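A short worksheet on the structure shown next.
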Amino acid sequence: MDWSRYRFRALWELPAPPETVYGLLERPDQYPSWWPQIREVRQTGETVGVLRFRSVLPYDLLVTARQARRDPAARVLEAAMSGDLEGWVRWTVGADRTGGGTRLLFEEDVVVNKPLMRRLAVLCRPLFRANHALMMRSGRRGLAARLAADAGVGGQVV
């Protein structure tokens, strides 16, 4: 087992149309406005940027993200990452069971390259996973709040 490899999956139900959710997710430069743990997004090319993450634990992760897939018809966004994390992350946006909201699937498969995290991989793995879970929970709350605030403008979701 590679103790520095992580696979994450999260399913979020959101009370907004899939097109609206996809529209927000395809703007990573806006993530810091609704996702507190994404501290910085700096675009370095047309489909490339540098992101800085920090959750509860006292370390930052820096990654270069390159758009790997942007499919508005299928509502799939995927990025390849390098730097402190090496691998990929994907959003798949679909309709919920009622047809009025969104079922949002987040998937991530990465290897941690940050030296301190690699040294502590076995001992701190549960802590690293919990830190990620807290970040994801905060991201879901932030996205839901952003969607609700946008829906308040003129009474419809923008």
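So what's the gap between the Cα centers of the range 98-158 and the range 15-46, to the nearest angstrom?
About 12 Å separates the Cα centre of the range 98-158 from the one of the range 15-46.
For the chain, what % of the accessible area comes from carbon and sulfur atoms, probe 1.4 Å?
Taking all protein chains in place, the chain shows 54 percent carbon and sulfur surface.
Can you work out the accessible area per residue across the chain, with the rest of the protein chains kept in place, probe 1.4 Å, in square angstrom?
Per-residue value: 55 Å².
Tell me which trypsin sites (Lys or Arg not before Pro) from the range 20-116 have a DSSP coil assignment and no more than 12 other beta carbons within 10 Å of their own.
Taking the range 20-116 and a limit of 12 other Cβ atoms within 10 Å, the loop trypsin sites (Lys or Arg not before Pro) found are R97.
Rank T47, V122, P17 by how far each Cα sits towards the positive end of the charge dipole of the chain (+1 on Lys, Arg Cβ; -1 on Asp, Glu Cβ) and give me just the farthest.
V122
Once mean projected area of the Cα convex hull in nm² is worked out from the coordinates, which option in [x] 9.6; [y] 11.5; [z] 10.8 does it equal?
[x]
Accessible area of F8, 1.4 Å probe, to the nearest 10 Å²?
It works out to around 30 Å².
Which order do L123, L62 take when ranked by solvent-accessible area (1.4 Å probe, heavy atoms of all protein chains), largest first?
L123, L62
On a 0 to 90° scale, report how tilted helix 121-152 is relative to the longest principal axis of the chain, with both axes built from alpha carbons and the result rounded to the nearest 10.
Relative to the chain, helix 121-152 is tipped by roughly 20 degrees.
Taking only C-alpha pairs under 8 Å that are 6+ residues apart, what is the relative contact order of the chain in percent?
28 percent.
Loop-only GluC sites (Glu not before Pro) in the range 1-104, please: DSSP not H, G, I, E or B, and at most 12 other Cβ atoms within 10 Å.
Here the GluC sites (Glu not before Pro) that fit, given the DSSP loop and packing criteria, are E46.
Helix-derived [θ] at 222 nm for the chain: sum -39500 (n - 2.57) over DSSP H runs of at least 4, divide by residue count, nearest 500?
After summing the helix terms and dividing by residue count, I get -9500 deg cm²/dmol.
The values are calculated or read from the model by the stated rules, or taken from the named source; none is laboratory data. It should be emphasised that the depicted structure is a prediction, and the values quoted were computed from it without experimental measurement. Glycine gets a Cβ as well: all are built from the backbone with ideal geometry, and neighbour counts include every protein chain shown. Accessible surface areas use protein heavy atoms only, side chains included; no ligands, DNA or RNA. Shrake-Rupley method; radii C 1.70, N 1.55, O 1.52, S 1.80 Å.
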